[in-house]
1. Would you work out the charge dipole size for the stretch 64-158 about its Cα centre, treating the Cβ of every Lys and Arg as +1 and the Cβ of every Asp and Glu as -1, and quote it to the nearest 20 debye?
2. Which order do the peptides 231-243, 177-189 come out in when sorted by mean C-beta neighbours inside 10 angstrom, highest first?
3. What size of dipole, in debye to the nearest 20, comes out for the stretch 306-364 about its Cα centre when the only charges are +1 on Lys and Arg C-beta atoms and -1 on Asp and Glu C-beta atoms?
4. Which links in Lys13/Lys96; Lys92/Lys247; Lys96/Lys148; Lys279/Lys303; Lys167/Lys206; Lys283/Lys351 stretch past 20 Å when you go from one Cα to the other?
5. Around Gln72, which amide H atoms from residues at least 5 apart in sequence, or from another chain, sit under 5 Å from its own amide H, with H modelled in the peptide plane?
6. Roll a 1.4 Å probe over the protein heavy atoms and report the accessible area of Trp32 in Å², nearest 10.
7. Of the peptides 155-163, 303-311, how do they stack up when ordered by the mean number of other Cβ atoms within 10 Å, highest first?
8. Please work out the ratio of the alpha-carbon Rg of the stretch 219-264 to 2.2 N^0.38 Å and round it to two decimals.
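The values are calculated or read from the model by the stated rules, or taken from the named source; none is laboratory data. Keep in mind that this is a model prediction, so the values were computed, not measured. Cβ coordinates were reconstructed from backbone atoms using ideal geometry, including for glycine residues, and neighbour counts include every protein chain displayed. When the accessible area is computed, the model is the full protein with side chains, heavy atoms only, and any ligands, DNA or RNA have been set aside. Shrake-Rupley method; radii C 1.70, N 1.55, O 1.52, S 1.80 Å.
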Amino acid sequence: MSNPVIKVENISKQYRLGMVGRKSISHDVHRWWHRIRGKEDPYLKIGQENNRAQRKSSDYVWALRDIQFDLQQGEILGIIGRNGAGKSTLLKILAKVTAPTQGEIKIRGKVAALLEVGTGFHPELSGRDNIFLNGAILGMTRKEIRRKFDEIVDFAGVEKYIDTPVKRYSSGMYVRLAFAVAAHLEPDILIVDEVLAVGDAEFQKKCLGKMQDVSRQEGRTVLFVSHNLPSIMNLCDQVLVLEWGKKIYHGATAAGIDTYLHRNKQIEENDLTKRTDRKGNGKIRCTNIRMENAQGNPIEVVKSGDDLVLKIFFEVRQPVSEIIYFRLQVMDMHEQMLFLCNNHHVGFICKPHEGKGEISCVIPHLPLFGGDYYLNLLIYSQNQETFDALDYAYSLQVVDGDFFGTGVIPQNRKGMLIQYYWQ
């Protein structure tokens, strides 16, 4: 096998919590004193993995820990993991935006990175000037950039505004032009973070097609971070799965996605009262979610077409005078939202008193096929104050049923309407 285009050897990245940088004067002196005596950096022994589900026990966390992998020319690597897993940190190290605390990376060729909206753009310059600026940063001559210029502008769809300063662009226009520049100026390695989510569905599809062409037809290497698992499945040759800064899988795409989803399900099955990865101010906390049938009996599995009751148990810890909204997102195992239920939408007013309470969302004639699903929960006020937010709050197991009462089990979702009410 030829030499890899990217070789990552035991990369680790450590951050100090509560500071802009990792170092302070006292720590620099401490490190220097250990270094001149030939001893190891003392702060590399301190810290914990970046696990949001655990309480902080140190001022130091490892955003990445002992990551290693090789990537050959022309391969597309998908990087997946929950928020805070270390995906963006890894890409920033590969793009040389930040340096690793430990380890080494070896890269052959020019790298173009799209890590944030407008990465590498100067806001005061026009779109035209930024194209030439980015090309120069990539080491291209003015003649080479001119040759690609029309193609870039056409792909981005910003011809009308090409001489307008990019600070006046919308976020969608920004990312369209930034991606077009990064993909068309012939980098050997293209690094794309999940900024494509800013664009519309048509442009996202266009970008995925371009990344595939860049890899398959032009032999260039692509690293792609996304929460869109179908896109990862269709585009990538292999995936790297990160969890709390550590590599838990690197290999075939389908098996990697299964590993990722299985790990997420394990997290979801924890007792909600013990979950520390939630967001919100905690004035109201969800303590449990239960699935019931139309008769009010707890169930573990629901059949497609049956009436379903999702009962949310909560605790009001501090007095709240505003109307409270409960939002349930019903997600498939590819992290695509199928529909959501919200008492706000149906005009059900909830003003809970301090103490324990419960509220039910009733979904008549459940319009889901057999399979595994999960719920994301958000509790917030009419003034958008977030009390509690939990991803993977509850798993939903559905078995196929006679949805239309014809004896035929449907094979697609066409024609199914979502109806629900709260009580």
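1. Result for the stretch 64-158 is approximately 180 debye, rounded to the nearest 20.
2. 177-189, 231-243
3. 240 debye
4. Exceeds cut-off: Lys96/Lys148; Lys279/Lys303; Lys167/Lys206.
5. Residues meeting the criterion, in which the H sits 1.01 Å from N, are Val5.
6. Its accessible surface works out to 130 Å², give or take rounding.
7. Values: 155-163: 16.3, 303-311: 19.7.
Result, highest mean first: 303-311, 155-163.
8. It is 1.11.
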